[in-house]
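Undergrad: Can you keep this structure in mind? I'll have questions shortly.
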Amino acid sequence: MPRIWINALIVLLAATALAACATNKEKLLPHGDATMLDIWNQQTGGSAGGGQTARELLDARQSLRRRLTDTDLQSMPAVNAAYTRTAQNEIYRQFYRLPNPDLVMYVFPHLAGSDPTPIPGYSTVLPLYESVQYALPGERTEDY
């Protein structure tokens with residue numbers, strides 16, 4: 001009995017696959033005389049110069065706009081203060097660097113390469129740990 005159901009399912013899937021492949025490309029994706037620019041202008045309401053549809057869209061947007069009230073203008077600096085970059089925010093960072101001691105290393109003058117090239121001495125700074133980690137705002141407030 002189960003073998004009959006499996007065979008019937010296989011035949012049904014094969015018939016569905018053949019029916020799906022039996023369509024015509026021209027029927028599925030018809031070609032017209034319109035160019036991409038024509039389609040764009042038709043769907044977006046015309047060219048950049050405008051048109052009736054573009055004008056209707058602009059009128060609809062204008063009806064949704066409202067003027068800012070005095071209370072909106074007064075509350076804006078307070079609301080956006082945490083996100084605005086100022087000289088004070090740049091000095092007192094929002095994301096503090098977690099402790100990761102820096103190692104200052106001095107590389108003495110030396111010769112390098114197969115053709116010994118003199119390299120002058122220089123200093124470099126490397127963090128003690130592999131990567132530098134930063135705290136989230138308010139996570140760590142102590143000064144380092």
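Undergrad: In the set 65, 55, which member is at pLDDT 85 or above and not acidic (Asp, Glu)? Walk me through how you get there before you give the answer.
TA: Working: 55 fails: at pLDDT 85 or above.
After ruling out the rest, the residue left standing is 65.
Undergrad: Okay, next question. Restricting the search to segment 57-69, which residues are not β-branched (Val, Ile, Thr) and not in a helix (DSSP H, G or I)?
TA: Here is the first cut: in segment 57-69, the residues not β-branched (Val, Ile, Thr) are 57-68.
Once the filter is applied, which keeps residues that are not β-branched (Val, Ile, Thr) and not in a helix (DSSP H, G or I), segment 57-69 yields 65, 66, 67, 68.
Undergrad: Mind checking which helices (runs of 4 or more DSSP H) fall wholly inside segment 1-44 and carry at least 3 residues that are among the hydrophobic types (A, V, I, L, M, F, W, C) and touching a strand residue (DSSP E or B) at 6+ places or on another chain (Cβ under 7 Å)? Outline the logic, then answer.
TA: On the way: elements: 2-21, 25-28, 36-44.
Where helices (runs of 4 or more DSSP H) fall fully within segment 1-44, none carries at least 3 residues being among the hydrophobic types (A, V, I, L, M, F, W, C) and touching a strand residue (DSSP E or B) at 6+ places or on another chain (Cβ under 7 Å).
The values are calculated or read from the model by the stated rules, or taken from the named source; none is laboratory data. Since we're looking at a predicted model, the values are computed, not measured. FYI the Cβ positions are ideal-geometry reconstructions off the backbone, even for glycines, and counts take in every protein chain you see.
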